[in-house]
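Student: This is the structure I have questions about; it appears just below.
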Amino acid sequence: MRICLYLLFPASLSTIVIEAGELSYGQFSSQEVSSLNHADWDLSREGGQAKRVSAIPRLRQNEWTTILDIEGAGIITHLWFTFPSNDENFGRRNLLRIFWDDRTEASVVAPLSDFFGLPFGFTGREYRIDSEFLVLTPNNGMNSYFRMPFSKRARIQIFSEQQESGGGFYFQADYLSFASGLPEAYRSLRFHAQFRFENPTAAYGRHYLFMDATGSGVLLGVTFGVKLNYPILDAWFHGGGDTIFIDGEENPSVLHGIGAEDFFGCSWGVREFNSRYLGVPLRELDETGRVRRLSLYRFFVRDPIPFHKSARGLIGAIGHDMSSVAYWYQVEPVEAFFQVPEADKRMPESEAPYGTYDLEPGKGLEWRLLAPFEVTEEEPFEFVRDFEEREEGDETFIFRVSKGNVGQVKPTIRGGERMKVTWKDRPAYHNFIDFNEVARPAVELISLQTGVLGYALSYLTSDVDRDVWFYLGFDDELELRVNEGVAFHDVHHNGFEEKRVKGHLRKGKNRILVKLSNYDNANWRLWSFSFRVAPDRQP
């Protein structure tokens with residue numbers, strides 16, 4: 001068997017060939033590719049001609065300044081910026097955007113310094129970065145090595161809301177020009193980057209969103225800035241690990257981590273370090289020795305995350321201030337998921353809870369969630385509560401945490417071990433619902449509940465009586481009620497999988513109730529499901 005894969009995101013373009021159990025790269029052996037990984041021999045053989053744009057742009061206050069405009073086909077291989085390292089907040093107050101080809105929507109939108117892994121209005125004097133794609137050198141040399149292909153045109157612009165202090169603003173772009181068009185593997189995908197921030201994040205509720213892409217592509221990585229707000233409820237990383245929802249529109253899957261430090265390759269908290277694919281370049285302490293601010297990065301090179309319909313990336317949060325830049329490749333067009341505000345409203349201290357600037361392109365069916373309920377011998381999963389057949393809408397229950405992650409339950413706020421359980425409204429994003437965002441008690445450690453179940457209620461309107469297919473992605477035990485009857489019930493514990501069941505929608509309003517358990521499973525306490533409906537003629 002012979003399989004060929006084109007890798008777009010490592011430092012060089014290589015064709016991986018898997019044959020007879022051995023791994024090789026195109027015409028090169030693994031050792032040859034390792035030694036030539038940064039030389040772009042493949043691209044030069046495709047007719048690439050090395051070129052550079054160097055400039056000391058004169059930025060105009062409160063205007064877009066075009067600092068690069070290239071026509072033809074090419075691949076940007078290196079960007080370098082610098083400005084005086086004493087110009088605090090200059091990088092946060094100057095907005096970078098990049099356009100590819102004929103697109104009128106920018107594919108890259110981020111404050112200049114944040115794009116290079118510098119949150120909080122930092123200027124580059126605070127720390128170094130030494131990674132595969134971002135390199136920050138002493139005295140604020142900001143370097144990017146992302147491959148950025150374009151077939152017709154590339155434009156880079158800066159919107160300045162703060163002028164540099166007099167030391168100058170400098171820029172260089174290295175790129176390869178292709179007279180006969182882009183190499184085949186680069187013709188479709190375009191590089192994207194999107195800044196987002198949330199001050200403060202929710203406490204024991206909605207996770208922090210760092211990416212929401214609709215279309216086909218591959219997630220490349222993300223940089224983060226985290227500012228801890230005291231008095232702290234719990235360790236910041238106990239907000240929980242990453243949850244990446246993939247392709248909820250068709251053949252869904254979910255990646256689910258444990259702790260936030262795990263996402264960056266760390267354990268038992270974080271310490272400062274740099275490496276090719278993940279790092280914590282800053283762990284800043286206050287005068288009392290408490291962690292004050294963090295800068296972190298993670299790139300997916302050896303562990304790529306492709307998506308075909310959508311990808312939505314989140315990470316746990318407990319009331320702290322967070323900012324991020326996500327990097328990915330995607331087939332155009334792209335839908336923005338965040339509207340970056342003017343400089344005065346995007347500063348590190350600016351207030352911006354969820355929804356302030358969020359565009360929510362993947363927002364879909366509205367659900368009402370009621371959770372958690374403990375699964376016991378007296379009330380097992382099969383136990384039927386009155387509202388399962390007909391809800392009043394004002395049902396109220398009290399859930400008490402019976403056990404913690406490790407031994408004794410320790411509330412982080414008074415009464416945090418007791419939850420008032422009422423119906424909570426939540427939309428599905430790319431057809432996914434996550435119970436952990438509404439059913440997490442305020443107790444120490446990553447206390448996502450297990451041995452519990454929850455309910456999700458929605459209504460679908462059909463213009464005629466029709467047979468349909470219900471598609472349900474889940475782990476553990478799930479029951480689907482449609483109108484008056486149970487349409488589906490299944491149990492599995494081998495990871496998130498989608499099941500299909502034939503059903504019927506009657507003309508008018510149809511009641512949909514999903515009942516889902518959460519036990520310790522292959523996805524460590526993932527408590528999510530996906531739901532979609534298709535006509536029966538589309539298997």
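Every number here is computed from the coordinates shown, using simple stated rules; none is lab data. Nothing here was measured: the structure is a model prediction, and the numbers come from that model. So basically every Cβ, Gly included, is an ideal-geometry build from the backbone, and we count neighbours across all protein chains shown.
Student: If the cut-off is a Cα-Cα distance under 29 Å, which lysines reach K507, setting aside same-chain residues fewer than 8 apart in sequence?
Tutor: Output for K507: K363, K424, K499, K515.
Student: Further question: Could you state, as a whole-number percent, how many of the C-alpha pairs of the chain are farther apart than 45 Å?
Tutor: So the portion of pairs separated by more than 45 Å is 20 percent.
Student: Using a 10 angstrom Cβ neighbour count of at most 13 plus a DSSP loop assignment to flag exposed chymotrypsin sites (Phe, Trp or Tyr not before Pro), which longest range of the chain is free of such sites?
Tutor: That would be 1-267.
Student: Under 15 Å from the Cα of K502, which aspartates and glutamates turn up, not counting those fewer than eight places away in the same chain?
Tutor: D465, D467, E479, D490, D536
Student: Equivalent-ellipsoid semi-axes (√(5λ), Cα gyration tensor) for the stretch 338-378, whole Å, largest first?
Tutor: One finds semi-axes of 37, 16, 6 Å for the stretch 338-378.
Student: Classify the stretch 52-354 as rounded, prolate or oblate, taking a ≥ b ≥ c as the square roots of the eigenvalues of its Cα gyration tensor: rounded when a/c is under 1.5, otherwise prolate if a/b is larger than b/c and oblate if not.
Tutor: oblate
Student: Evaluate 2.2 N^0.38 Å with N set to the residue count of the stretch 435-539, then give the Cα radius of gyration divided by it.
Tutor: Relative to the rule-of-thumb radius for its length, the stretch 435-539 sits at 1.18.
Student: Relative contact order of the stretch 226-294, please, whole-number percent, based on alpha carbon pairs below 8 angstrom and at least 6 residues apart.
Tutor: With pairs under 8 Å counted, the relative contact order is 25 percent.
Student: Please report the relative contact order for the stretch 364-535, taking Cα pairs under 8 Å with a sequence separation of at least 6, and give it as a percent rounded to a whole number.
Tutor: 26 percent
Student: What pairs from K227/K345; K152/K345; K227/K410 go past 26 Å between their alpha carbons?
Tutor: Those over the limit are K152/K345.
Student: Counting other Cβ atoms within 10 Å, which GluC sites (Glu not before Pro) in the stretch 411-513 have at most 11 and lie in a DSSP loop?
Tutor: Here the sparse-neighbourhood loop sites are E484.
Student: How would you classify the stretch 364-535 from its alpha-carbon gyration tensor, with a ≥ b ≥ c the square roots of the eigenvalues: rounded for a/c under 1.5, else prolate if a/b is greater than b/c, otherwise oblate?
Tutor: Prolate, since a/c reaches 1.5 and a/b exceeds b/c.
Student: Could I ask something else about it? Which value, in Å to one decimal place, does the Kirkwood hydrodynamic radius take for the stretch 231-378 when every pair of different Cα atoms is included?
Tutor: Hydrodynamic radius (Kirkwood, Cα pairs) of the stretch 231-378 is 18.2 Å.
Student: In square nanometres, what is one fourth of the surface area of the convex hull spanned by the alpha carbons of the stretch 442-482?
Tutor: 4.8 nm²
Student: Name the residues of the stretch 73-103 whose amide N is less than 15 Å from a point 7 angstrom out from the Cα of Q49 along the C-beta direction?
Tutor: In the stretch 73-103, the label zone of Q49 (backbone N under 15 Å from the point 7 Å along Cα→Cβ) covers 73-75.
Student: Further question: Normalising by the residue count of the chain, find the relative contact order in percent from Cα pairs under 8 Å and 6+ residues apart.
Tutor: Computed over the chain, the figure is 13 percent.
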